[in-house]
1. Sum up the charges of everything whose Cβ sits under 15 Å from the Cβ of Arg350, counting Lys and Arg as +1 and Asp and Glu as -1, but leave Arg350 out.
2. If R₀ is 22 angstrom, what is the calculated FRET efficiency for the pair Arg350 and Asp242, using the beta carbon separation as r and rounding to 0.05?
3. Could you work out the equivalent-ellipsoid semi-axes for the chain, taking the square root of 5 times each eigenvalue of the Cα gyration tensor, largest first, in whole Å?
4. Can you show me the helix-derived [θ] at 222 nm for the chain, built from DSSP H runs with n ≥ 4 at -39,500 (n - 2.57) apiece and divided by the number of residues, rounded to the nearest 500.
5. How large is the convex hull of the Cα atoms of the stretch 303-374 per residue, expressed in Å³ as a whole number?
6. For Asn253 and Glu101 in one chain, what is 0.36 nm times their gap in residues minus the Cα-Cα distance, to one decimal in nm?
7. Considering the Cα trace of the stretch 260-342, what is its radius of gyration and what is Dmax, both in angstroms?
8. So how far apart, in nm, are the two label points at Trp329 and Ser88 if each is 7 Å from Cα heading toward Cβ?
Amino acid sequence: MDTLCVVPARATTRGEDRTPLEGSYDVLICGASFAGLAVARELTGSGADVLIVDRYEIGERQTSACGIPTEWLRTAGLLEAERQRFDSLLIHTPHGSRRYELPWTFSTFDYRELCALLWRDCDARFETAKVNGRAAAANGDGAIAVDTDRGVLSAPLVVDALGWRRMLASGDGFQPPDAPLSRGLEVHPDGSSENLEIWIDRRYVPAGYGWSFPARDELRIGVGSFDPRFHVRKTTELLAEDLERDRVRYQGNWIPHKLRQATEGGVFFAGDSAGHCLPLTAEGIRTALYFGSALGRELRGVHEGRQGRDEAAARYAGFHDSHEWKFRWMLRVQRLVPRIPPRLLGPLIRLLGNKRFVDWSFAHYLRIAPPPERSADEQDRPGDEQQPYFASSQSSPTPISTSSGGSSR
Ligand SMILES: Cc1cc2nc3c(=O)[nH]c(=O)nc-3n(C[C@H](O)[C@H](O)[C@H](O)COP(=O)(O)OP(=O)(O)OC[C@H]3O[C@@H](n4cnc5c(N)ncnc54)[C@H](O)[C@@H]3O)c2cc1C
């Protein structure tokens, strides 16, 4: 099946085409990117009436450089969206460069195609609508009401997968530049390269890093700053200029680097809205898929009568909290890196390039949000070379299924 044909090609409807939209659903998912689609996918075949809304069409606005461990693409059934695969990482500092041979491969993918693949496995309905926040509930049946630019929608189970703004929270004053947010900006020139590259260089950013993620016929060149006050536009352009690449097709966003509550006021949060993006690396795609899938399974349990909303909230919050110490450690390292004197960076990078250390640290890093376990079917699937992602695999506390059991559309 051509994956692209399942995503509407038209741009987001505007003006008079944006007809009123009101109603009640079993599950309302706000945000149709990685986290929201992962929740919806996990609900497929449950019989729940699921509505997913986003201000843009599915896959219309790329939100990242779209890099992810290859094993995640493979076991989540998303490998078709892969653009390029890397088995090493080239790290540059002002005092030298070092190539790290990775114990597992990393891939870049096409955002639109990946969203299409996720959506192909969903049996939810989709509407474009801009979420404004919570609305007063109409009756006392426990439903949560959400105000959108097309009307009020309600459901007993509501998910905020809207990204860092966390629109459906009660308003905890989480605004840049004072909030724990990093900022990232990239350009997407045409071109190709064999190298996945990172720059730790204060010429580009005092606290953070620059990157070049090739994706077959396009490069994603950007700079991320852990300090929200540092503006990354000029240095993103400087990096592109240094690489003799065009400064075209900009995309950027705030990136939360601290976990937030998993549930609040009856609403469930997943992905950037829950602070699921990893500090230090700003890797937030696989974590959005990982926590989104876990949440989807809990909501499925509610719809199928195996648990109540409060129990699902407690279980999901417990799962989220059990990862807190890992995020805390990543944040500690994030805060430490800018304090290292620049002249020590080169020797340190060389020292840490020791194969045993790289294998050990990358294996632990992957285990923060490990890939879904492969089904027996997938283990036998021909045509894609199978490789263990690390020697002694450790399963997640809530195993992630590789795809939902319901029908494709
Ligand atoms: C420049 C940059 C590069 C990055 N590169 C990588 C990378 O290579 N790998 C990686 O793992 N992570 C990367 N990240 C981080 C990653 O993009 C995020 O962590 C990830 O997108 C989080 O997924 P999400 O589904 O929670 O939120 P998002 O992907 O941000 O999706 C939120 C969705 O909500 C919708 N939305 C927002 N507000 C509203 C509203 N009011 N009404 C309706 N809809 C709304 C948006 O349209 C969007 O579809 C990068 C981030 C940046 C900024």
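What follows draws every value from the coordinates through simple rules; no lab data is involved. Keep in mind it's a predicted model, so treat the numbers as computed, not measured. No Cβ is skipped: glycine too gets one built from the backbone with ideal geometry, and neighbour counts run over all protein chains shown.
1. In short, +4.
2. My answer for the efficiency is 0.50.
3. Numbers: eigenvalues 236, 110, 92 Å².
The equivalent ellipsoid of the chain has semi-axes of 34, 23, 21 Å.
4. Helices in the chain give a 222 nm mean residue ellipticity of -8000 deg cm²/dmol.
5. Expressed per residue, the convex hull around the Cα atoms of the stretch 303-374 is 121 Å³.
6. 51.7 nm
7. Cα radius of gyration and Dmax of the stretch 260-342 are 15.1, 57 Å respectively.
8. 2.8 nm
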